[in-house]
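Everything on this sheet refers to the single structure shown next.
Where a number appears in this text, it was derived from the coordinates with a stated rule and is not lab data. Since this is a predicted model, take the numbers as computed values, not measurements. Here Cβ is always computed from backbone atoms with ideal geometry, including for glycine, and neighbour counts include all displayed protein chains.
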Amino acid sequence: MPRFLPSLKARIALMTTALVAVFGAGIVLGSLYYAHRDLREGLQNQQDSIVRLAADQLDTAMDDRILLLSHLTPQLRDGLAASHSQPASVLGPQLLQTLQRAVPIPTAFNSLMIADAGGRVLTAPHMPVEVSDRAYFREAARSLAPVVTAPIRARVSGTVGVLVVVPVLSDASAFLGVAGGWLELSSPNFLVELSHVRLGNTGFYCLVSAGPDPVYVQHPDAAQRQQPARATGDTCGVDDSPAFFEFLMPARPVIARYLMSTTGWELVAVLPAQEAFAPLRQMQQRFGLMSGLALVVVAALLWLVIRRLLEPLSRLHQVVRDSAGDASAFERLPPRPHRDEIGDVTRAFVRLMRDVRQRGLLLARSERRLRAVTDTLPALLAFIDTDERYVFNNIAYERAFGMPVEQIRGKTVRELLGEGKYARARPHLQRALAGHIVSFDAEYDDPEPHWMEMTYRPEWSEDGRQVVGVHIHAQDITQRKLETLRLSRMSQTDHLTQLFNRSAFESQLHAVMARSREDGRMMALMYLDMDRFKAVNDQYGHAVGDLLLQAFALRLRRCVRDADVVARLGGDEFAVILENIDSAANARGVAEAILEAVARGFHFDGVPADVDVSIGIALYQGGTTTEDALMRSADVLLYRAKTQGRGRYEIGPPELLEAAL
């Protein structure tokens, strides 16, 4: 008994429906995947911007408090210098009163403290307290720079908070003690307010301290505060692992991080996946419903269409089955067959034979039509055979080479282009003759500078086994190329100073560091900041400020070599990349030349612009240091130069300075 086999119509309908279902599911899953990816990228970019803005606000608040304390340290010098000869009960209140007159309590700090060089807290005369064993005190005494602690417990009050410490130095830069401001984490201040800020409805921030043992400075869960945290990549305790089908059932929250420049703390923003991807879940539900309905409709329509299309085949099948036992049936075909499927095939065969005799005429007519079309195009169109001889050219060749098309036909590419141009085109022609489609841009200087976009497309034999020639398409793209170059230059130039902008600077830095790693030559990255520029800009207006920036950029450019990179990063911030220097002395010489050039002063229409420049110089000579790390190093050195007097420079790291010696 023969096995049951569905009809051809049924099999085609079933297979087509199955393929539509598979491809439809693939399209749906692919669309959901890319929708999830695009949504995550958009949310990530949004979160990065938000957390960067929040970190900048925290940095500004912290920097204001550091500057407030730093400006008051000169008033504490005399008192701390005499701390060994006066009792703390007398000296402490005097010094504390000096601070309290200028520092608003509790607006800026919750409380203030002063300690002498031996670590004795003078502001607690009735309760002897020593802080010489505290890490922040030792760091301030060692670095002579402001220190912001991780959360600590105060020895006087027992409360937990963050201490901002500024060293007090003598005229000879000797360490006399510290002045500090206390930010209590249980009282209202800008750090505590962070835990009340929400991202959306369920998102939140947390703040992680720096150092070898980082902890949570702030966390929406009060129990997590001062608990250990990860130094890098912290997630505020939220699970960051993806689901198995993350794009269908998102589980990973959107996490953004930003490093505070004043403290080195990391601000982390977390937006839970349930809120972040709520619109995607709604879209998935609607998309799934609509896809299911569409599949049912498509399956029904396919069945109807296939049934309609295969009706002539069913009739032809009946005719073939009746003719299977008669081998001479074809010879007995009538000269005028009936109008059925076999009759259509017979008539098509007769028409084919008649068409063969007309092929020559049609071929000539086709060539005339082809030339009529190609001669109207401005591009150069040609066809060459395997000997690189021109078989066809449009009229554009006549205009380009100054000779009739009939003379060009039969010439080789070498004969027409000449040795120079042919040498450049030959590798591409050989690749095209080997069966590859080749596209490239070529620049020529004859008769005038111009660019051509070249495309070589191989022509295969009828059996597809060998290349019988190459189609050439050449188009003049000079105007487009010039416009591209112009836009590229504009995108890399600062419009005010005509120096490199930040984007071009980062590209140049990446390339220079790569070359330094390859050849082992020393380079230097200089960060420059104009001191008192804001005062000039505010006093004399933006017009004078712009003239000052332009004049400074011109002097800066004159202090370096032509090959060195000079860029304006924004505002009054500039950067210089010195490549292939022999030692740190070269960088020092450039820095001193810049300081000397700025010291000459600036005058615009009789208006003096009294500014200085502070410089941070980071040396590099190969190694694993990244661009970001080198820029941070230069920024730290710049900050050190500004905090130690302005109008000076700082250079590092020490190991490269010693190697240069």
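Residues of the stretch 136-172 with an amide N closer than 11 Å to a point placed 7 Å from the Cα of MET127 along the Cα-to-Cβ direction: 154-159.
By the count of neighbouring beta-carbon atoms within 10 Å, fewest first, TRP303, TRP460 end up ordered TRP460, TRP303.
Return the tail of the calculated pair distribution for the stretch 40-296, meaning the percent of Cα-Cα pairs more than 33 Å apart. Can you show the working numbers first?
Working: 11116 of 32896 pairs.
Summing the P(r) tail past 33 Å for the stretch 40-296 gives 34 percent.
For the stretch 131-228, applying the loop criterion from DSSP together with a ceiling of 16 other beta carbons within 10 Å to the trypsin sites (Lys or Arg not before Pro) yields ARG155. Counting neighbouring Cβ atoms within 10 Å and putting the fewest first, the residues THR262, THR107, THR202 line up as THR107, THR202, THR262. All other residues whose Cβ lies under 13 angstrom from that of GLY211 are scored, Lys and Arg at +1 and Asp and Glu at -1, for a net of -2.
Modelled this way, with points 7 Å down the Cα-to-C-beta line, the labels at ASP240 and ALA563 are 4.2 nm from one another.
Taking all Cα pairs closer than 8 Å and separated by 6 or more residues, the relative contact order of the stretch 493-626 comes to 40 percent. Taken along the Cα-to-beta-carbon direction at a fixed 7 Å, the label points for SER89 and HIS510 span 6.8 nm.
Counting every other Cβ atom within 10 Å of each residue's Cβ, SER209, SER49, SER291 order from fewest to most as SER49, SER291, SER209. The chymotrypsin sites (Phe, Trp or Tyr not before Pro) of the stretch 207-251 meeting both criteria, a DSSP state outside H, G, I, E and B (loop) and at most 11 other C-beta atoms within 10 angstrom of the site's C-beta, are PHE244.
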